[in-house]
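Have a look at the structure below before the remarks.
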Amino acid sequence: MRLLSLTVRNFRGFGSSAVTVGLDADLVLMFGPNGFSKTSFAEAIEWLFYGTTRRRKRGETYSKSEYDGCFANVHGGIPVEVSARVRTTGGVERTVMRRIPDARADHISETFIDGAAASFATLGLAGIEAPHPVVAQHDLQSFIHSRPKERRDLISAALGLEEITALKTSLDGARRAFTLTPPPSVTDARAKLQPLAAVLATFPETRDLGQRWQKATVEIRAEDVADLVKAGQRLAASAANDIGPLLEDLRARRKQLSRAVFDATKLTPQADIPGAISRTTVEADGVQKACDTLATNIAKSVSVAAAAYATALLQFWEQGLKLSPDGENCPMCEEPTLIAEKRATLETRLKAARDHLSVSKQVVADRDAALTALTRATQAMEHAGITSLAQEDRSTLQTLLARNSESLAAFLIAHDDLKATTDQATSASSTLRSFLAGLPDRLADATIAPDVVAHSRDAPERFLTAVSTLKTAFERYAAVWTMFEPLLTAEISSTKAVTEIDTVGKALKAQPEIKALDCYEAVAGASRGLMQRVEAFLQQKQTSLLATRGAEIKAVYDQLNPGAQVTFQTMEPGHEQLQLHASSFGVRMSAAANLSECQLNCLGLSFWIVRALTPGSPFGFVLLDDPVQSMDDGHCEAFIGTVIPVLCDTHKKQVIVLSHEQKLIDRVRNLNKARDMVVYHFDNYEITGPSVTQQVNLAVMLAEVKGLAKGNEANRSEAVDKLRKVGEQFIRELHVKALGQPAPAQYDNAKPSELLDLFRQIHGTLPDEHDRLKDTFDFSALAHHKSVGYAVPVTTNIAPHINRLETLMKKYKLIL
C-alpha cells in the first residue's frame, strides 16, 4: 500500500482548516520547526490505520485521565478525521478514512472506504500490529528503557508473536486474579481451618499440617486427613479408622473431660476497674445535677400555679365537680348554686392550673436532660458489671475449687454482694426513670402537685445512694477477684485436653472445606504448569525468530555505526524478560546501561525500521519522524547515505522523513535528486493548524510569482509574500551550489537580514547584488505590508523585483 495523499482535520495539532498533503513520491521530505505539528502529521497516519497511537497506549498505563480526548484538536473543531488516498496491490486506488463521531469519547472511531462505512480488514489491514510503518520520535528508546517483561512483550509483538504473548498475559492475569481474589467458598474454607492450625501444630501427627494451615493460603496435602485421623485416635484412645465412629469416640472422651470446664470470662471484671468506677461516678454526678435543676424548676412551677388559687381550693373544686357531674346543687350547701355558668368558670380555673403545670417548657427540657443523664449512668453501671453466676456455674466452681473452698466462699460473698447492690441500683434507676417519664401526667393533676415536688427529690436521692453502694461493691469485688482468679485459672488449665479434642473434631468435620481447598490448589497448579509451557514456547519462538530478525536489527545498527568497536551485539530472551547485549572491543555488556545516547537512538531506530520491514506487511511505506535525535554528523551521514537508499532501493519502500533540521532535509534532497521526490515545509502554525507548503525548484517558484503578480489585488499581495520566500530559497540553494553543503543549522529559521549576511559570505557574490537583494526583501517585508496606509503594489512595481531575482539566478546558473 502506497500513500498518495493525506488529509487531516481537527486531529491533534491540525485544526479546522483541512490540510491535504500530496505524498505520491518515492521519497517525501518534510521540514518544520519544533511545535509546528510534524509529529501530529505522523500520528495522524498511525491513528488512521491503527485507531490509536503507541504514545497514547503507553501514556494510558500511567494516567488514563491525562490522555482522554487527546486525539481531538484542543480548540474543539468537528469532525475529527483523517483520510488518505492510497494505491493498493494491483494499482487500485482507494480512499480510506477514520472519523471520531463524538470527540468526548475519542477512543471510539469509525472507518470508511471510498466514503462507505467499512472495516479496513477488507483491504488486508488485519493483524497489522507487527509491521508498524510509523517510526515515532518518542518511541525510539521506548523498548530499551523499560521493564524486562515490557521489553519482551514489545519485541514479541514486533516479531509477530503478539497473539501468543497476549495469551500468556491473559493467562497470567486470570491466574493472578484467581490467586488474589479466590472464590467465596475458598475464603470461607480458609477462615474455618486457620483458627485450628495453632493447636494442630502442637501434635506430633499434625505438626507439619499445622504449620501449613497457619499460612494465609492454607496449604492442603493429600495426607492431611490421614494425619488428623491418627491424632484423633490418640486423643480418644480409639481404634476407629473411619471418621464417623472416630468422631463419636472423641465426643465421648470430651464429655468425660468437660465436667471440669468453666468459662471464667463471665466473672472477669473490666480491665480498667478504676476507670469504670470513675466513669460511673461522673455519670451519677451528672444525674444528680440534672435532677437538682429539675426539682428546683418543678417547685417553682407548682408555686406559681398555686399563687392564683390555693392547692386545697383547687382540689375542693375538682372533687365537687366530680360529685355533681350534671346537676346544679352544690355538694357543700345543697343549694342550686352550681349553675352552668359557674360550672364553666370552675372548669376553666382547673384547666388553667393543669396546663400551667404540664406545659412548662423548662420543666420538660430539664426532665429530658435528666433522662439522658440517667441513661448514661445506667450504661456506665452495666459496662462495669459482670455476668452473675447461675446455679449450674456455682456447682461447677465448687467442683473445680473443692481444695480451695475458703477462697471460693470469700469470692462468692463479694460476688453476691455485687449482685445485690447491682439489683438495687438497677431498681432505683428504673424507679427514677418511671418517675421522670410520667412527670407530665403527674403535674397535670393539681391534687398531687405537692407530692410531685417531694418525689422529685426523693427518687434521685435513692438512685444516688444505690450507685454509691454499688461503687463500694465494685471495688471490693475487684480486690477479691485479683486473689481468686489465679486459683481458678490453675484449675481450668487442666482442661487443655478438651481444646485438643475440639480442634481435631472440627478439623475432621471440615471435609468439604479441605476438598474445596485441594481442588482450588489443583486448578492453581494446573494454571502454573500451563503458564510455564506457554513461556517455554514463547522463548523458543523468540530465540528462533531473533536469530534472523535480530540479525536484521544488528545489520541496520551496523549501517549507522560502520566500523565501531563499541556496538550493539544481540538480544537474548529469557523467563519474563529480554536482555539487550552490547560489546566493547569484544567484551559483552548491558546495552541499556552502557551505550551512549546516540548509540541507543541508533539501536531504537534499527529496531523500529526492521519492525516496519516485517515480511508480509501490507504497507509499502515507512515514516520516520525526527529519526536522527542525539546523533552526530557521522551517524546522520550514515543514515542519509546508507539507510535511506537501502529502504528505497532494496526494500522498495516509499520513505517519508520528517525533521526539524533543515540541514538534514537539504542533504537528503541533494543526494537523491534523481529520485521521485517531493519536499514540504511547515511554514507557519496558527490556531487553524499548520501551513504545509511544497518546496519546488526556483524556476517553478519564480513562475508562480510571475503569474500572481499579473492577477487581482489578493493575488498581487500573495505574489509579494512569495517573492520574499523565493529570495530566501535563492540564497540557500546558492550556498549549496557554491559550498556543496546546506547552510549551517543556525540559518534554518533565519530572518532575511541574516540570510543576506550569509549571501555576503558566499564566494563570488558582489556588494551591489547584496544591496539589490536587500531592496527586494524590504519591498516584500511582512512588517511593511502591515504599516498604516500600505497599498498592495501594482504589477509594474512588482515586476522589477521578479526580474532582479531571475537575473541573479541565471547568473549563478540556478535556472536556465
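Computed values, structure above
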{"quantity": "Count - residues of segment 177-203 that are part of a loop (DSSP other than H, G, I, E, B), in contact with a Lys or Arg (Cβ under 9 Å, 6 or more places away or on another chain) and either in contact (Cβ under 8 Å) with a residue 24 or more places away in the chain or closer than 9 Å to VAL218 by Cβ (or both)", "calculated": "2"}
{"quantity": "Complete set of residues in segment 111-125 that are open to solvent by less than 70 Å² (accessible area, probe 1.4 Å) and either farther than 22 Å from VAL80 by Cα or out of contact with any strand residue (DSSP E or B) (no Cβ under 9 Å at 6 or more places or on another chain) (or both)", "calculated": "ALA116, ALA121, LEU123, GLY124"}
{"quantity": "Residue identified as aliphatic (A, V, I, L, M), over 30 Å from SER395 (Cβ atoms), exposed (fewer than 15 other Cβ atoms within 10 Å of the Cβ) and modelled with pLDDT of 75 or more among ALA295, ALA239, ALA340", "calculated": "ALA239"}
{"quantity": "Output for segment 535-559, where each listed residue is touching a Ser or Thr at 6+ places or on another chain (Cβ under 7 Å) and open to solvent by less than 40 Å² (accessible area, probe 1.4 Å)", "calculated": "LEU538, GLN542, GLY550, ILE553, VAL556, TYR557"}
{"quantity": "Among residues of segment 417-472, those that are among the acidic types (Asp, Glu), under 21 Å from VAL363 (Cβ atoms) and within 60 Å of the chain's Cα centre (by Cα), counted", "calculated": "0"}
{"quantity": "Tally of residues being among the β-branched types (Val, Ile, Thr) and either outside any loop (DSSP other than H, G, I, E, B) or open to solvent by 40 Å² or more (accessible area, probe 1.4 Å) (or both) across segment 126-148", "calculated": "2"}
{"quantity": "Evaluation of LEU734 against (1) surrounded by 17 or more Cβ atoms within 10 Å (Cβ to Cβ); (2) in a helix (DSSP H, G or I); (3) at pLDDT 90 or above (one fails), failing number", "calculated": "(3)"}
{"quantity": "The listed residue being open to solvent by 30 Å² or more (accessible area, probe 1.4 Å), among the aliphatic types (A, V, I, L, M) and under 22 Å from LEU27 (Cβ atoms), out of VAL646, VAL628, VAL610, VAL622", "calculated": "VAL646"}
{"quantity": "Members of segment 166-223 found to be more than 16 Å from GLU500 (Cα to Cα) and of a type in the set (Ser, Thr, Tyr), listed by number", "calculated": "THR169, SER170, THR179, THR181, SER185, THR187, THR217"}
{"quantity": "Members of segment 262-281 found to be in contact (Cβ under 8 Å) with a residue 60 or more places away in the chain and open to solvent by 60 Å² or more (accessible area, probe 1.4 Å), listed by number", "calculated": "THR268, GLN270, ARG279"}
{"quantity": "Count of residues meeting criterion [in contact (Cβ under 8 Å) with a residue 24 or more places away in the chain and within 39 Å of the chain's Cα centre (by Cα)] in segment 529-571", "calculated": "17"}
{"quantity": "Residue in segment 359-368 that is modelled with pLDDT under 70, open to solvent by less than 60 Å² (accessible area, probe 1.4 Å) and either within 30 Å of HIS383 (Cα to Cα) or out of contact with any strand residue (DSSP E or B) (no Cβ under 7 Å at 6 or more places or on another chain) (or both) present", "calculated": "yes"}
{"quantity": "Segment 388-447, subset part of a loop (DSSP other than H, G, I, E, B) and in contact (Cβ under 8 Å) with a residue 60 or more places away in the chain, residue nearest to ALA369 (Cα to Cα)", "calculated": "ASP445"}
{"quantity": "Among (1) open to solvent by 30 Å² or more (accessible area, probe 1.4 Å); (2) out of contact with any Lys or Arg (no Cβ under 6 Å at 6 or more places or on another chain) - the single one PRO79 does not satisfy", "calculated": "(2)"}
{"quantity": "Which listed residue, of GLY76, GLY51, is on the phi > 0 side of the Ramachandran plot, more than 27 Å from the chain's Cα centre (by Cα) and not basic (Lys, Arg)", "calculated": "GLY76"}
{"quantity": "Residue count for segment 794-816, restricted to those that are part of a helix (DSSP H, G or I), among the β-branched types (Val, Ile, Thr) and surrounded by fewer than 18 Cβ atoms within 10 Å (Cβ to Cβ)", "calculated": "3"}
{"quantity": "Segment 104-125, residues that are within 27 Å of the chain's Cα centre (by Cα), hydrophobic (A, V, I, L, M, F, W, C) and part of a loop (DSSP other than H, G, I, E, B)", "calculated": "ILE108"}
{"quantity": "Residue in segment 754-771 that is assigned to a loop (DSSP other than H, G, I, E, B), over 17 Å from PRO33 (Cα atoms) and open to solvent by less than 20 Å² (accessible area, probe 1.4 Å) present", "calculated": "yes"}
{"quantity": "Entirely in segment 3-74, the helices (runs of 4 or more DSSP H) that have 3 or more residues that are surrounded by fewer than 23 Cβ atoms within 10 Å (Cβ to Cβ) and in contact with a helix residue (DSSP H, G or I) (Cβ under 6 Å, 6 or more places away or on another chain)", "calculated": "54-60"}
{"quantity": "Selection from segment 594-607 of residues that are farther than 20 Å from VAL668 by Cα and surrounded by 21 or more Cβ atoms within 10 Å (Cβ to Cβ)", "calculated": "LEU595, GLN599, LEU600, LEU603, GLY604, PHE607"}
{"quantity": "Residue ID - surrounded by the most Cβ atoms within 10 Å (Cβ to Cβ), chosen from residues in segment 514-534 that are at pLDDT 90 or above and among the β-branched types (Val, Ile, Thr)", "calculated": "ILE514"}
{"quantity": "Sole residue being of a type outside the set (D, E, K, R) and surrounded by 21 or more Cβ atoms within 10 Å (Cβ to Cβ), chosen from VAL705, VAL700", "calculated": "VAL705"}
{"quantity": "Any hit, segment 739-746, residues being free of Cβ contacts under 8 Å to residues at least 40 places away in the same chain, touching a helix residue (DSSP H, G or I) at 6+ places or on another chain (Cβ under 7 Å) and not polar (S, T, N, Q)", "calculated": "no"}
{"quantity": "Residue check for LEU508: in a helix (DSSP H, G or I), within 30 Å of PRO274 (Cβ to Cβ) and in contact (Cβ under 8 Å) with a residue 12 or more places away in the chain", "calculated": "no"}
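The values are calculated or read from the model by the stated rules, or taken from the named source; none is laboratory data. The model shown is predicted, which means the values in this text are computed figures rather than measured ones. FYI the Cβ positions are ideal-geometry reconstructions off the backbone, even for glycines, and counts take in every protein chain you see. What goes into the accessible areas is simple: the full protein's heavy atoms, side chains included, and nothing from ligands, DNA or RNA. Shrake-Rupley method; radii C 1.70, N 1.55, O 1.52, S 1.80 Å.
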